[in-house]
1. Mind telling me which of the residues Glu188, Glu209 ends up being within 24 Å of Gly99 (Cα to Cα), of a type in the set (Asp, Glu) and modelled with pLDDT of 95 or more?
2. Considering Thr289, Thr298, which residue is in the same structural domain as Glu349 (by TED's automatic domain parsing), among the β-branched types (Val, Ile, Thr) and over 22 Å from Leu3 (Cα atoms)?
3. Taking the stated definitions as given, is Glu349 assigned to a helix (DSSP H, G or I), over 22 Å from Gln244 (Cα atoms) and of a type in the set (Asp, Glu)?
4. Mind checking whether some residue in segment 237-246 is among the hydrophobic types (A, V, I, L, M, F, W, C), surrounded by 16 or more Cβ atoms within 10 Å (Cβ to Cβ) and either touching a Pro at 6+ places or on another chain (Cβ under 6 Å) or not assigned by TED's automatic domain parsing to the domain that holds Arg344 (or both)?
5. May I ask you to say which residue of Val26, Val11 is surrounded by 12 or more Cβ atoms within 10 Å (Cβ to Cβ), farther than 15 Å from Ala68 by Cα and of a type in the set (Val, Ile, Thr)?
6. May I ask you to verify whether Glu20 is outside the structural domain of His159 (by TED's automatic domain parsing), under 20 Å from Ala249 (Cβ atoms), of a type in the set (D, E, K, R) and modelled with pLDDT of 95 or more?
7. From the list Gln278, Gln244, which one is under 25 Å from Ala65 (Cα atoms) and of a type outside the set (A, V, I, L, M, F, W, C)?
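The values are calculated or read from the model by the stated rules, or taken from the named source; none is laboratory data. This one's a predicted model, so the numbers in the text were calculated from it and none came from an experiment. No Cβ is skipped: glycine too gets one built from the backbone with ideal geometry, and neighbour counts run over all protein chains shown.
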Amino acid sequence: MTLSEEEQEIVALARAFVDEQVRPRVREFEQDDLYPEPLIERMKALGFFGMLVPAEHGGADVSPACFARVSEELARGWMSLSGAIGGHSVVAYLLRTYGTDEQRASLLPRMADGSLRATMALTEPDGGSDLQAMRTVATPDGDGYRIDGVKTWISNAQHASLVALLCKTDPAAEPRHTGISVLLVPRESGYTVSRKLPKLGYRGVEACEVVFDGVRVPGSAVLGGVPGQGWTQMMRGLEVGRVQVAARAVGVAQAAFDDALAYAQVRESFGKPIHRHQSVGNLLADMATKVHAARLLTADAARLLDSGARADLEAGMAKLFASEAAMQVALDAIRVHGGNGYSREYDVERYFRDAPLMIVGEGTNEIQRLVIADRLVARAREAGR
């Protein structure tokens with residue numbers, strides 16, 4: 001999908017921000033796991049938190065392809081910054097697609113400028129990728145709901161003031177997904193961010209456990225106003241999320257390849273630059289090919305999203321391939337750097353720590369393979385094959 005001239009300018013803006021402000025400063029925050037407040041504030045000012053918010057509500061209203069490219073550029077500088085807009089943007093997409101007029105008017109303008117940060121709460125401590133086995137329940141209570149349960153691995157939980165919570169509003173419903181809703185839970189409702197989880201990578205931006213202990217919300221908190229629609233709504237939102245995770249992986253892979261290519265031209269061994277050794281040259285060739293293929297798969301999934309068609313197969317493929325490619329490219333970048341690749345003086349060790357998140361996050365790659373296989377069979381049957 002070709003980006004409009006305005007969208008190309010937005011991507012160029014993200015690229016300049018990364019090169020001029022992120023890459024020179026990332027170690028100030030990453031090594032000590034410090035929240036990058038000045039970088040986040042600059043991202044708000046540049047409009048990155050409002051990319052999927054409609055123009056009528058103050059957003060940039062860019063295409064999914066542009067959103068993916070901006071996410072890639074941010075991840076090229078520091079994957080955590082791309083993660084800072086990930087869940088927020090999915091919630092913006094859910095609101096614009098399924099929200100009531102009142103929900104959109106109340107929340108989207110503040111989400112557009114970043115004054116209201118949103119996040120998703122799906123995963124539970126004992127549930128993992130089996131979301132329908134969730135134990136978080138919203139019990140009808142007068143004209144609203146009382147929420148009890150625990151969610152974990154909630155990105156940006158300490159800095160978000162709105163949680164899009166996937167929970168059961170009818171635990172007895174059959175099939176199970178018909179009893180699931182998305183509730184829009186504001187910070188002032190009283191949920192507790194109980195602890196920040198220590199992480200291998202994806203540092204600076206927090207991932208937390210969130211506890212809902214008798215938290216009460218009004219009936220108007222149900223996304224779209226009708227309970228029981230949450231599973232369908234969130235699965236569509238996850239298509240956006242998986243495209244964004246794929247884009248993050250492409251960004252990390254691109255950064256790792258760029259560093260390896262630059263290093264291979266200045267590092268010499270046996271009297272010549274190491275890129276002239278076949279073993280290193282082959283690594284560079286394979287790395288570049290994987291990055292390009294991952295970017296094309298991500299762009300294809302984004303194009304389908306923009307058309308309004310179902311993109312769960314394509315988003316799953318993009319997320320699967322791009323994340324595995326990022327992991328391999330990051331490892332190969334360390335190989336190109338040799339012993340220096342294991343040192344914190346070089347950024348390639350950070351790429352290697354960040355890459356696994358895309359493999360296990362937003363639905364593990366094992367789950368992605370199941371989704372892909374199921375959709376392949378379903379589409380074949382639909383086509384009469």
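1. Working: Glu209 fails: within 24 Å of Gly99 (Cα to Cα).
Being within 24 Å of Gly99 (Cα to Cα), of a type in the set (Asp, Glu) and modelled with pLDDT of 95 or more holds for just one of Glu188, Glu209, which is Glu188.
2. Details: Thr298 fails: over 22 Å from Leu3 (Cα atoms).
Answer to the check: Thr289.
3. Values: assigned to a helix (DSSP H, G or I): yes; over 22 Å from Gln244 (Cα atoms): yes; of a type in the set (Asp, Glu): yes.
Here the answer is yes, as Glu349 does meet what is asked.
4. We begin by selecting, within segment 237-246, every residue among the hydrophobic types (A, V, I, L, M, F, W, C); these are 238, 240, 243, 245-246.
Okay, now just the ones that are also surrounded by 16 or more Cβ atoms within 10 Å (Cβ to Cβ), so 238, 240, 243, 245-246.
Of the ones still in play, those that are also either touching a Pro at 6+ places or on another chain (Cβ under 6 Å) or not assigned by TED's automatic domain parsing to the domain that holds Arg344 (or both) are none.
Scanning segment 237-246, I find no residue that is among the hydrophobic types (A, V, I, L, M, F, W, C), surrounded by 16 or more Cβ atoms within 10 Å (Cβ to Cβ) and either touching a Pro at 6+ places or on another chain (Cβ under 6 Å) or not assigned by TED's automatic domain parsing to the domain that holds Arg344 (or both), so the answer is no.
5. It is Val26.
6. Values: outside the structural domain of His159 (by TED's automatic domain parsing): yes; under 20 Å from Ala249 (Cβ atoms): no; of a type in the set (D, E, K, R): yes; modelled with pLDDT of 95 or more: yes.
When the stated conditions are applied, Glu20 does not pass them.
7. Details: Gln278 fails: under 25 Å from Ala65 (Cα atoms).
Being under 25 Å from Ala65 (Cα atoms) and of a type outside the set (A, V, I, L, M, F, W, C) holds for just one of Gln278, Gln244, which is Gln244.
Let's see how each residue does on (1) within 13 Å of Val240 (Cα to Cα); (2) part of a helix (DSSP H, G or I); (3) at pLDDT below 95:
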| position | (1), (2), (3) |
| --- | --- |
| Phe67 | yes, yes, no |
| Leu74 | no, yes, no |
| Ser80 | no, yes, no |
| Gly87 | yes, yes, no |
| Glu102 | no, yes, no |
| Ala105 | no, yes, no |
| Leu108 | no, yes, no |
| Met111 | no, yes, no |
| Ala138 | no, no, no |
